[in-house]
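Take a look at the structure below.
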Amino acid sequence: MEHVVSLTDRLASIGGRRSSAGRGHIRVDGVAITFGSGRKAHHAVMETSLDIKPGEFVCILGPSGCGKSTLLSSIAGYVRPSSGEVIVDNVPVRGPGPERGMVFQQYSLFPWKTIRENIVFGPKVAGRPKAELEAIGATFLEMVGLAKFAQSYPAELSGGMQQRVGIARALANSPSVLLMDEPFGALDAQTRLMMQESLLEIWSAFGITVVFVTHDVDEAIFLADRIVIMSASPGSVIADLKVTLPRPRSQDMATTDAFMELKRACHERIRAESLKAFAQQSQ
Amino acid sequence: MQDALKHKVAYAGPASVSVEPASAATPPAAPSPPRAHPGAREETRETRAGGRPPGIGAARTGLNAVTAWFQAKAYGLVVGTIGLALGLGLWQVLSVNKVNAFINFSNVPRPGLVFEAFVKQAFNPVFYVHIEVSVLRIAAGFLTAAVIGIALGTLMGRSKFGAALFAPYIEIMRPIPAVAWIPLAILMWPTDEASIAFITFLGALFPIVINTMQGVEQTPAVLVRAAKSLGASPLQIFWNVILPAALPSIVTGLAVGMGVSWFSLLAGEIISGQYGIGYFTWNAYSLVDYPDIIVGMLVTGALGTLSTALVRLAAHPFLKWQRRAR
Ligand SMILES: Nc1ncnc2c1ncn2[C@@H]1O[C@H](COP(=O)(O)OP(=O)(O)O)[C@@H](O)[C@H]1O
Ligand SMILES: [Mg+2]
């Protein structure tokens, strides 16, 4: 993990980029989301409230189809809640914005832009001067260990590399919040573990708020300060667990009693929900 | 590390394979995966896509790709030449023997006569005036169609209102052949020149509008979302996301439109003007100069092919990312 060890130093070299401390307070205030209306109305998310502290790493865990992406989309600003609202740093969310970076599951890099162009896209559309773009590009390419792929196109990179670029692209825009929707869901198990470790290192260097959607219990426990479990569709929060495992985390912790205990707790709640979801689908 | 092989990117176009040296600087998290060797299937795709030379990426694969490319090229060249020779031979046999079995070849000049007529015209300055006039008409009609077609296609692809408003016009006017427009075009436009350019414009317009619309519609929503979350304005999204995403489709529309504008042009030139390659062909028929008819036809075909190739060539640098896809 040579490429992330000295991350803190490198970030310091583009001064001011660590000032996200204190920002990134997310309040989900009675948000409910319904698609369609009348008889075709589909309740994707039932009234949900969450308070996410600046710098917190929160995982949203739940069976597929329960509304995790929809809830995250309301924080990102892609979906307007049918009722309630999302407030980030005291500003109500009205649409997508650069202070809320987004990482998708896959295929979200601009295929016609080189890796470097992808990474500096945010600062570039914000009209940053060329010299600054150079510095940002170099720093973030190095951060994710892809400096030699600067001039490559996304399709020339493996899935894991593409996802690192996705993270770098979001962070290069210095957001106060990083929203991630099953970002490692399409990766093989080995790559996924590596990605989780580098994400934690990046997160601790940035001190940024992360909301991370996953359906993988181990992933949630390994990453999170706090796990929010959602019920089967229509989704609502059924549990909010603190993860007290010490940091920095390592994959060996997966065999500790504390980890096992948490895993049991999560599975217990999810099993009930999955059964419910399964019953609904087979009706 | 096989994840790269499993997750093929949706935009992968005709592939030229590139190999990154999997060496020192590769981070440990995801070592560069083994790259597929240029296989027979890739070669066929490359050939079908017009046999464009491989991009920079392939240069790095070294000799293998180059050899493969030449092999693929040579195959097409050899088979194509044999096919042409057979066709010419058949033409020769049918026309020399004045075969008249349902289809009548007795008035079809044999290849040698056509070639003679072609050489004669090649030394005739007036012939070049015909070509020049036609090319200028195509340029005017096609360029106007490109600008209006891309704008209209984008509008229709992005806005439900725009699509609903213009769809009836496109649907009704698209099947109307260029010749059918001739009377109205003559009545509407002040000069013959303008009516010919108008007919050329109409021919190119529809393929461009329809392909642009489809390309724009197929822009992955996730890319638009990503751009919005990175702070891009609607105009920046148009230039950085929608236009590049639709470009392969737009280029197809332009190439098809270029072909259609040539045969619309011919229709227009038959009725008016005293110059143009279409006029030349039609005039040869009036003068019962059969070899010149075929010269006119073949030159039209060559100009059409050439200008279509030019359209694709112009788009080439902007589609580099597609060729570099694995
Ligand atoms: N734009 C939409 N229109 C209608 N229904 C939607 C839309 N987006 C999501 N849904 C529905 O909302 C539910 C929750 O979806 P989603 O948030 O994607 O679940 P998850 O991410 O937990 O798998 C699903 O039943 C899905 O079909
Ligand atoms: Mg989802």
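Before moving on, here are some points about what is shown:
- For A:R128, no residue has an amide H sitting under 5 Å from its own, ignoring neighbours fewer than 5 places away on the same chain, with H placed 1.01 Å from N.
- Residue mean of other protein chain beta carbons inside 10 Å, B:241-252: 1
- Antiparallel bridge percentage (DSSP; both residues within the protein assembly as shown; nearest 5): 50 percent
- Between A:I229 and A:L61, A:I238, A:A239, A:D240, A:L241, the built amide H atoms are under 5 Å apart, and every one of these is 5 or more places off in sequence or on another chain.
- Remark on A:S152: its backbone amide H falls under 5 Å from those of A:I115, A:R116, a criterion applied only to residues 5 or more positions apart or on other chains, H modelled at 1.01 Å from N.
- Sequentially through the stretch B:211-217, phi angles give Karplus couplings (6.51, -1.76, 1.60; θ = phi - 60°) of 5, 4, 4, 5, x, 5, 4 Hz, Gly and Pro residues having no value and appearing as x.
- Placing pseudo-labels 7 Å out from each Cα toward the beta carbon at A:S250 and B:N100 gives an inter-label distance of 9.7 nm.
- Helix A:130-143 axis versus longest C-alpha principal axis of chain A: approximately 60°, rounded to the nearest ten.
- Note, ³J(HN,Hα) from phi for the stretch B:118-125, Karplus 6.51, -1.76, 1.60, rounded to Hz, x at Gly and Pro: 5, 4, 4, 5, 4, 9, 9, x
- Radius of gyration and maximum dimension Dmax of the stretch B:110-326, Cα, Å: 20.3, 68
- Only protein heavy atoms count here, probed at 1.4 Å, and on that basis chains A and B bury about 3800 Å² of accessible area in total.
- All lysines inside 20 Å of A:K242 as judged from Cα atoms, apart from same-chain residues fewer than 8 positions distant: A:K53, A:K68, A:K263
- Phi angles of the stretch B:150-164 translate, via the Karplus equation with coefficients 6.51, -1.76, 1.60 and θ = phi - 60°, into HN-Hα couplings of 5, 4, 5, x, 5, 4, 5, x, 9, 10, 4, 4, x, 4, 5 Hz per residue; Gly and Pro are given as x.
- Between the Cα long axis of helix A:257-281 and the first principal axis of chain A there is an angle of about 60°, rounded to the nearest 10.
- Reachable lysines from B:K73, criterion Cα separation under 22 angstrom, eight or more residues apart if same chain: B:K320
The values are calculated or read from the model by the stated rules, or taken from the named source; none is laboratory data. Because the structure is a prediction, the values reported are computed rather than measured. Here the Cβ is made from the backbone with ideal geometry for all residues, glycine too, and neighbour counts use every protein chain on show. Surface areas here come from the heavy atoms of the whole protein model, side chains and all, with no ligands, DNA or RNA. Shrake-Rupley method; radii C 1.70, N 1.55, O 1.52, S 1.80 Å.
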